[in-house]
1. D for the chain, whole µm²/s, Stokes-Einstein with Kirkwood Rh over alpha-carbon pairs at 20 °C and 1.002 mPa s: what number?
2. If each residue of separation counts as 0.36 nm, what is the full-extension length gain between residue 461 and residue 76 once their alpha-carbon separation is subtracted?
3. Quick one: length gained pulling residue 278 to residue 40 fully straight, 0.36 nm per residue minus the C-alpha distance?
4. Along the positive direction of the dipole of region 72-195 (beta-carbon charges: Lys, Arg +1; Asp, Glu -1; about the Cα centre), which of 177, 109, 96 reaches farthest?
5. How long is the gain from residue 197 to residue 65 if the chain were fully straight, where each residue apart is worth 0.36 nm and the alpha carbon distance is subtracted?
6. Measuring from label point to label point, each 7 Å out along Cα→Cβ, what is the residue 363 to residue 84 span in nm?
7. Among 505-517, 105-117, what's the highest-first ranking by average C-beta atoms within 10 angstrom per residue?
8. Can you list the aspartates and glutamates whose alpha carbon sits under 15 Å from that of residue 479, skipping same-chain ones fewer than 8 residues off?
Amino acid sequence: MNVVFAVKQYISKMIEDSGPGMKVLLMDKETTGIVSMVYTQSEILQKEVYLFERIDSQNREIMKHLKAICFLRPTKENVDYLIQELRRPKYSIYFIYFSNVISKSDVKSLAEADEQEVVAEVQEFYGDYIAVNPHLFSLNILGCCQGRNWDPAQLSRTTEGLTALLLSLKKCPMIRYQLSSEAARRLGECVKQVISKEYELFEFRRTEVPPLLLILDRCDDAITPLLNQWTYQAMVHELLGINNNRIDLSRVPGISKDLREVVLSAENDEFYANNMYLNFAEIGSNIKNLMEDFQKKKPKEQQKLESIADMKAFVENYPQFKKMSGTVSKHVTVVGELSRLVSERNLLEVSEVEQELACQNDHSSALQNVKRLLQNPKVTELDAARLVMLYALHYERHSSNSLPGLIVDLRSKGVSEKYRKLVSAVVEYGGKRVRGSDLFSPKDAVAITKQFLKGLKGVENVYTQHQPFLHETLDHLIKGKLKENLYPYLGPSTLRDRPQDIIVFVIGGATYEEALTVYNLNRTTPGVRVVLGGTTVHNTKSFLEEVLASGLHSRSRESSQATSRSASRR
């Protein structure tokens, strides 16, 4: 179950099926992103695709010597653009691929528009999602719910994305969902309806143990997206932001022009592929080794190109040298900027307290540490607010809860009203009243013993003590212990055997820390394959936007005003 491979195969097949000759790839805004995640422009150029165009671009030239490969989402807007295109075709022949199921009436409209008979074929290729890592996919949807319920447009887009994923991996799953989330049940039902309606598409070879789709809600674990990260991919997203594999470095002090935006893709960057799940300390020493390796291979300035053989060797090595030089300067810049931000924002200290808030249960120590950091001028308003949010989530019902005082401290520190209001909004979004699970206290004797032993031997790394709640959920699922009263099946049938192929989908967004959990599970659990997806992949900033978009903050305003009033009396 490899989502990058699945999408890549579709695109290769589109290009191969159009036969030899020069081609143009005609896409929409979303499919442009889908393709760019799995193929570089130079890779596609090698397959005789010389032009990349958007279907909505008004000023495309007529080029009758090119074949057109159209890869589009089956939206009404795209069908209308295609109808206009086919009435006045700009290219010699059209191969049309929709990224999802297209209605018969739309196909009929296209056939009627094709008076010049330029369409060679119309097919459905189900690459309707963003393949981020081999085991991680996203739909790039921010703000999928209004309150606790789906935004209808986002529900239909998510259903399409999720069913396309199942079709591309050739899975017809049983469905389980988080009972505490109405949105999870609703999405499960929509996916089930599509599977019933399009049953012919879902007739795959039966496996002994049917695959399982588990639908979860971000509300059940609001802690994970609030933590600073220390593995390479997650840290880059947290501090710099990854958008379809692209990182904007334009704000880095003294950045050179060619490094203002860089691409980090494990598909064609060996260093990134080998280091994306390693922690920051290891990245530092690996960067050093990369530099030293580069120094050795670097062509000597005084190298004499006397013979033809010398010149030939130089030219042959030059592209690799150039590629390596690009890789080195890119990673040195990225790691250098991460390092600068860590010290400028005092993130080691901040992260240690975050981990304490997420993993320990010592209220007075946690409160003292949060108060101390709020006094530190190096701590940014985002980091100050996130510490208070973590405190608010963990000690929401603690008898000595001091949240009103911390809100006052935030105000004294000059933290904007937006962030102060977000504290109560986050509790409204993912607090104890909403969660179907208990995030903080160990449930049974085994878990308590584990935590005790962990405390005794000390954690190898204080910055990475936290395990996402997903880790426990998957662990129980794989062992056949996930409670049906909390995660019921949709429909009458249940799974007798332990699941082998598991697709987990998080409404409200997954995180790179959860992707790391899935990567490690896949590596260490023979016979089990897990793929993780979400409406988006969050860092703290985007998660807080998700909370804002849900509109829950407006309801929690009254309560936040009440707390600030009681705080001012103190």
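1. For these conditions, the coefficient is 82 µm²/s.
2. In short, 133.4 nm is gained.
3. 83.2 nm
4. Going by the Cα projections, it comes out as 177.
5. Gain on extension, residue 197 to residue 65, equals 43.4 nm.
6. 6.3 nm
7. Put in order of decreasing packing, that is 505-517, 105-117.
8. Within reach: 497, 501.
Taken together, the values in this text are just the output of simple stated rules run on the coordinates, not laboratory data. Because the structure is a prediction, the values reported are computed rather than measured. Cβ sites come from the backbone with ideal geometry, for glycine too, and all protein chains shown count toward neighbours.
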